[in-house]
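The next block holds one structure in the form of structure tokens; read it before the comments.
The values are calculated or read from the model by the stated rules, or taken from the named source; none is laboratory data. In this text the structure is predicted, and so the values were computed from the model without any measurement. Glycine also receives a Cβ, built like all others from the backbone with ideal geometry; neighbour counts cover every protein chain displayed. Heads up: the accessible areas ignore ligands, DNA and RNA and are worked out on the full protein's heavy atoms, side chains in. Shrake-Rupley method; radii C 1.70, N 1.55, O 1.52, S 1.80 Å.
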Amino acid sequence: MSETPMPGSAKPAGGSTPTLVSAPASVVAATAATVVVSSVPNNSTGGNPNGSSTSVAAAASQAEPDMKGWLLKWTNYLKGYQKRWFVLSKGVLSYYRSKGTMMQCLRAPRSPTRLVPSSLPDSNSNSSNALMKKHSKKLKKNQAEMAHTCRGTISLHGALIHTVDSCTFVISNGGTQTFHIKAANEVERQSWVTALELAKAKAIRAMESDEEEEDNTANTIPSEELNLVVRELTVRLENLKTCYDLITKHGTALQRALSELETGDDLANKTKIVSERATLFRISSNAMINACSDYLQTAQTQGHKWSKMLQHERDQKLHLEEMVEQLARQHSHLEQAATRHRPNATTSASDDEDNEFYDAQEEGGSVTQEDSSFILNIPVTTHHNHRRNSNDATGSSSEGEEGNSETQQVLVVAENLDNMDVTDRISVHSSQALTPTLSNQSKVVRKRRTRVTDKPNYPLNLWSIIKNCIGKDLSKIPMPVNFNEPLSMLQRLTEDYEYAEILDKAAQAKDTCEQLAYVTAFTVSSYSTTSNRTGKPFNPLLGETYECDRTEDLGWRCINEQVSHHPPMAAQYCEGRGWRCWQEFTMTSKFRGKYIQIVPLGYTHVEFPATGNKYTWRKVTTTVHNIIVGKLWVDNHGDMEIFGEGSAKGVKCHLKYLPYSYFTRDTQRRVKGVVMDSSNQVKWVINGTWDTKIEIAPVTSTSGSMENPVYKTGNYKTAWTRRMPPPDSDKYYNFTLLACQLNEPEPIVAPTDSRLRPDQRLMEDGKWNESNQEKLRLEECQRARRRQREAEAETAAAEGRPYPPYEPIWFGKEKEEGTDQLVHVYKGTYWDSKAKQDWSKCPTIF
């Protein structure tokens, strides 16, 4: 008796039919069940008899880290370098206090090999279950212990890896976390650095492939694919039903044959029938198992993609709900404010006292006499707490250290404002800074353009682009030029010096605290253009540069270079009349659906060589609101600490940018702060708005207690006043006069200069479609160059030789004074190379 097996079913092992000898029915039933179970194919091993151990070995090899070993890690100044066990695995570097616990956690318990002999006692099954439970408990315990003992981790996909000396190297993810590590010798250090560079390259590739997969999944409407998968699952489900019917049929026949076997007569013939029925039942069972496996495999293959799509849609739904809720609240508040508003201009102040909603102040407003008195909470910190060394709470992973969160409240009271001398409120000659008087010049200054081409009106479906970018890093989102302005990030950084004449004034100051007050006004002035500039600058290519030489008319010149791609980082150096300024700019940015938040991570320095005074600060957070609905607007908020170094050591300024709020009596875009000397005594007061002007005043007297002092100030004088853009600037990206001149073509600049970037030039000329195509080409060329460097690094690692990382042309890595942190420092060779027109070191990036 035979039957053709259904497609996909397995034939009996060995091609022969097993024969059962005379035995009681219970033994025959047990043997038949054993035949069925032992013939189950192992899908994970392809039928390999040793498949179980092979799968365990494969799992163990996957869990095996890329590199591990003992290294010394800097903890703090009290403990210095401490011995830690480091593990590099899957693009993440982790460290532990001890090796033993971590190694136990990595060793997963081996599953017992699946053996199903017919004589296996039932007690062994119970013993196996107990063993599995024991291993499961042990694994959970080890995982919990591993999580408890892990002292810190750092992801490598956006990390910077620096070599300090023959044994020491530093890993930093841009400012929020830094590991200072020392190896036993140079060979061990190089082995770790090479392994970290390779792991970083793999992590970047994995992240980009995941993002591409997410984008493809989110942007694809899988109607045809979905129908195909449903049809395939339906066919496999019909196969399962057919196998179920066959198993039922042959199972019933087998039971009937076993029952007849017990009645006695013609035992040999009945035994043969039982054997045939058992074989058919086994074939049907194998067919059912294979059909189940096929169905499961198909479901799992598509399930991963569908779960991602479902999660993506859920996230979009939540973000939309949050945005609608926020818009509803804002709409309600605006309606209430409009209802309470009196059209009569003579409405008394008492009518408005109960209203909690206050109209935002228009641009160009000034600080009133009431605003000149304020309360400020100053954090009580130790000197140099801002430095990016190993005990920096924001820049390191030091063990067991916490930042000092104590604050001191001070009251600033202005007096004699009514009798203020008008001459004390003059600005620092800022109104005419960009239009110099040629009669005072010894030579004719180049005539520069005063505007750029008007912005064309290209319709664009905003939501279709940004809905798939929520939660991602802004610098890694492939955006069309429709959201850009025709300037690169290097050129936007150069705009910081639009009011560089404030630094000229600071260089002439005799008093250190007064000098710091002017420097503070300069730091605020760099935000003035953000009030109405909402276009995104072009992300610079690796190796891209930008020079701006305005020595003839403005008295300063600067050079910028994109020195890193992952994470994006730019280095800048500028020199003027009696001062020099430099910064290493990097940032973290996230798109949250309702707003984009940009958090700068680099530090800016200014030095006055004549006195040796040096000041350092980090920029505050910038947020772009109303991404989906409404008019875009920008807010700058947070606390800024400016610390004196060198001859100005001990002097500092605490500056607070108040966040924009509809529900405050305070001036919108308000900035207030104080300058303190080395004994923490307030000497100067800073007051104003970051989009209009900054006023400074000296402290004339002090009263109150040590805990809550009261400072009285003299007359305020204007340290900075904003130059308003032309009335029709909204037609050309709201550019200021300096912004219009930044991308103006210049002769004999470096071939990597941003002015020569083709997609940016096409956008400025109004050819946005061609600009988008050129932008995609440049980005693909940059990815190809990066893949080539990664391939060369992997080849070098396989050959056991070091591979040098990318080195900038005009900036070099040097250890920052007073710390182990490596920063990019200007080499001082750019302007000489320009004079000689020697651009041999410049790469081809455009």
| request: Could you please find all residues in region 669-681 being open to solvent by less than 40 Å² (accessible area, probe 1.4 Å) and assigned to a loop (DSSP other than H, G, I, E, B)? | output: Arg669, Asp677
| Among the residues of region 673-707, which ones are among the charged types (D, E, K, R) and modelled with pLDDT of 90 or more? | Asp677, Lys683, Asp691, Lys693, Glu695
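Looking at Gln491, is it within 23 Å of Lys731 (Cβ to Cβ), touching a strand residue (DSSP E or B) at 6+ places or on another chain (Cβ under 8 Å) and either surrounded by 21 or more Cβ atoms within 10 Å (Cβ to Cβ) or among the polar types (S, T, N, Q) (or both)?
Details: within 23 Å of Lys731 (Cβ to Cβ): yes; touching a strand residue (DSSP E or B) at 6+ places or on another chain (Cβ under 8 Å): yes; either surrounded by 21 or more Cβ atoms within 10 Å (Cβ to Cβ) or among the polar types (S, T, N, Q) (or both): yes.
Spelling it out, Gln491 is indeed within 23 Å of Lys731 (Cβ to Cβ), touching a strand residue (DSSP E or B) at 6+ places or on another chain (Cβ under 8 Å) and either surrounded by 21 or more Cβ atoms within 10 Å (Cβ to Cβ) or among the polar types (S, T, N, Q) (or both).
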| query | Only one residue in Glu501, Glu584 is open to solvent by 10 Å² or more (accessible area, probe 1.4 Å) and under 18 Å from the mean Cα position of the chain (by Cα), so which one is that? | reply | Glu584
| said: Yes or no: region 726-733 includes at least one residue that is open to solvent by 10 Å² or more (accessible area, probe 1.4 Å), in contact with a Ser or Thr (Cβ under 9 Å, 6 or more places away or on another chain), farther than 23 Å from Ile378 by Cβ and at pLDDT below 90. | reply: yes
| note | Considering residues that are over 19 Å from Val187 (Cβ atoms) and loosely packed, with under 15 Cβ neighbours inside 10 Å, the number found within region 63-75 is 2
| task | Check region 758-773 and report whether any residue there is under 30 Å from Ile161 (Cβ atoms) and in contact (Cβ under 8 Å) with a residue 24 or more places away in the chain. | result | no
| request: Could you check, for region 270-287, whether at least one of its residues is part of a helix (DSSP H, G or I), open to solvent by 70 Å² or more (accessible area, probe 1.4 Å) and either within 30 Å of Ala784 (Cα to Cα) or at pLDDT 80 or above (or both)? | output: yes
| Quick one: would you say Val629 is open to solvent by 10 Å² or more (accessible area, probe 1.4 Å), among the hydrophobic types (A, V, I, L, M, F, W, C) and touching a Ser or Thr at 6+ places or on another chain (Cβ under 7 Å)? | no
| Contacts under 7 angstrom Cβ, first residue in region 215-240 being over 15 Å from Gln300 (Cα atoms), partner at pLDDT below 80 and small (Gly, Ala, Ser), 6 or more apart | none
| message | Checking the structure you have, find out if any residue of region 689-696 is open to solvent by 10 Å² or more (accessible area, probe 1.4 Å), within 23 Å of Leu493 (Cβ to Cβ) and without any contact (Cβ under 8 Å) to a residue 24 or more places away in the chain. | response | no
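Give the residues of region 641-663 that are farther than 15 Å from Thr621 by Cα and either assigned to a strand (DSSP E or B) or β-branched (Val, Ile, Thr) (or both), sorted by residue number.
Across region 641-663, the qualifying residues are Ile642, Phe643, Gly644, Glu645, Gly646, Val651, Lys652, Cys653, His654.
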| Out of (1) within 30 Å of Leu411 (Cβ to Cβ); (2) touching a His at 6+ places or on another chain (Cβ under 8 Å), the odd one out for Leu655 is which? | (2)
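Residues checked against (1) farther than 27 Å from Arg787 by Cβ; (2) open to solvent by 10 Å² or more (accessible area, probe 1.4 Å); (3) outside any loop (DSSP other than H, G, I, E, B); (4) at pLDDT 85 or above:
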{"residue": "Phe169", "(1), (2), (3), (4)": "no, no, yes, yes"}
{"residue": "Thr176", "(1), (2), (3), (4)": "yes, yes, no, no"}
{"residue": "His180", "(1), (2), (3), (4)": "yes, no, yes, yes"}
{"residue": "Ala184", "(1), (2), (3), (4)": "yes, yes, no, yes"}
{"residue": "Glu188", "(1), (2), (3), (4)": "yes, yes, yes, yes"}
{"residue": "Ser191", "(1), (2), (3), (4)": "no, yes, yes, yes"}
{"residue": "Ala195", "(1), (2), (3), (4)": "no, yes, yes, yes"}
{"residue": "Ala199", "(1), (2), (3), (4)": "no, no, yes, yes"}
{"residue": "Met207", "(1), (2), (3), (4)": "no, yes, yes, no"}
| query | Taking region 603-625 as the search range and keeping residues that are under 19 Å from Arg533 (Cβ atoms) and open to solvent by less than 40 Å² (accessible area, probe 1.4 Å), which one is modelled with the lowest pLDDT? | reply | Val624
| task | Please specify each residue of region 521-549 satisfying the condition of being open to solvent by 10 Å² or more (accessible area, probe 1.4 Å) and over 30 Å from Val674 (Cβ atoms). | result | Thr534, Gly535, Lys536, Pro537, Asn539, Pro540, Leu542, Asp549
| message | Need pairs with beta-carbon distance below 7 Å; first residue free of Cβ contacts under 8 Å to residues at least 40 places away in the same chain and more than 13 Å from Lys815 (Cα to Cα) and within region 156-168, second of a type in the set (Phe, Trp, Tyr) and open to solvent by less than 60 Å² (accessible area, probe 1.4 Å); sequence gap 6+ or separate chains. | response | none
| query | Out of Ala750, Ala791, Ala796, which single residue is in a helix (DSSP H, G or I) and surrounded by 15 or more Cβ atoms within 10 Å (Cβ to Cβ)? | reply | Ala796
| task | Determine if region 343-353 includes at least one residue that is within 40 Å of the chain's Cα centre (by Cα), open to solvent by 90 Å² or more (accessible area, probe 1.4 Å) and either at pLDDT below 65 or under 15 Å from Val229 (Cβ atoms) (or both). | result | no
| message | For the list (1) charged (D, E, K, R); (2) modelled with pLDDT under 90; (3) assigned to a strand (DSSP E or B), I need the number of the one condition that Asp666 fails. | response | (3)
